[in-house]
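Have a look at the structure below, then the notes.
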Amino acid sequence: MSKDSISSYGEKALIERIINASIKRSSTVNNTYLNRIGDDCSVIRYLDRYLITTSDMLIRSHHFPDEMTYYDMGFKSVTVNVSDLASMGAKPLGFLLSIGFNGDLSIDDFDDFIDGVLSACDYYNIPLLGGDTNDSDDIIVCGTAIGETSTEPMMKYGFNKGDLVCITGKLGLAALGFQLLNQEVPSDGITISESINKALKPNARLSEGEKLLSLGVKTATDITDGLASELESLLEADKKYSDSINGNVPYNKGIRIYENKIPVDREYLTIVDSLNLDLYELLFHTGEDFELIFIMPRDLKSEIEKYLDFYVIGEVTLNNTLEIVLTNNEIKTLSGMGYEHFKL
């Protein structure tokens, strides 16, 4: 492998190169754009509203386990895009689908895939507007979701010391589910069925995102690459935002997570231990949960609790690091390493 091949960089480094190249040509970007490349979605002001758009590519060999039906593949293809809209608090307007299939695929499997797509569109109330098809050796799916907000959407930046770090649901279920698909384990048990369902049939937190925005939350993202990776991306985005408005003022914000506040059931721990799996890898570095991380001022907590169930797992600090407080009160730096395409 050449040292200059993209596999030596990883997805995040490649995205950073795209961002830097875009900034160099910033004169071509007018002020209707609220953000630059790098957030969950693009945001464009139009009249008194904000147009929210996102695009996600899925490849069968990377994103769809063998146990996933063609129907579930179609459903997930919509979910991954709608999850980005959810992270911004956007209301869906439409969905575009471009797909590449091998010509040997049976028409029944093709119909099942499209049925999954249309069922997801019905579920999220987002119409399928069109797209494209082509021939491909592997199944390649590229979806584009369009949404809108009436106020400035939630972004990855804009939080302050003392703000609470929260998640909309339990973590690590999808990661465990993928492991269970390859293990000889009993098929019964709430955690087992919940984990496998989370891996094969993920759902986006669309209504939660819209509600959070309406209640005044300004910062959020969805968990696709792992909790630690997403938290690191929030700090990186907030630093870039701070640099853009504050110039050379030193940036020292950090995030502290508390191990004893992360929701983990005893049954989950028992299964992880019996399979000799790495608990922290499942909770922090695997992803695919499609839950939302959001950061809010403390005075919003009681109001949001009236409408949503969520977990407070940490807070914003001025320690200039991402860290976790273990149950024995030891403080460790939390690595932001998560799943990355290309990286070998």
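What follows draws every value from the coordinates through simple rules; no lab data is involved. Everything numeric here is computed off the predicted structure, so don't read it as measured data. Positions of Cβ are backbone-derived with ideal geometry, glycine not excepted, and every protein chain shown enters the neighbour counts.
Miscellaneous remarks
- Among beta bridges that DSSP assigns inside segment 60-143, antiparallel share in %, nearest 5: 35
- Secondary structure note: in segment 164-333, about 85% of the DSSP beta bridges are antiparallel.
- Separation of segment 155-223 and segment 231-250, taken as the distance between their Cα centroids, equals 26 angstrom.
- The trypsin sites (Lys or Arg not before Pro) found in segment 242-309 that occupy coil by DSSP, while having at most 12 further C-beta atoms within 10 Å, are LYS306.
- Whole-number percent relative contact order across segment 60-208, with pairs defined as alpha carbons under 8 Å at least 6 apart: 35
- Overall form of segment 31-149 per C-alpha gyration tensor (a/c, 1.5; a/b vs b/c): prolate
- Taking amide hydrogens as placed 1.01 Å from N in the peptide plane, the amide H of GLU291 sits under 5 Å from those of ILE223, each at least 5 positions away in sequence or on another chain.
- Legend: Rg and Dmax of segment 227-276, from Cα coordinates, 17.4, 52 Å.
- Over segment 164-333, Cα pairs under 8 Å with separation of 6+ residues give a relative contact order of 43 percent.
- Loop-located trypsin sites (Lys or Arg not before Pro) in segment 130-181 (DSSP state not H, G, I, E or B) with no more than 16 neighbouring Cβ atoms inside 10 Å: LYS161.
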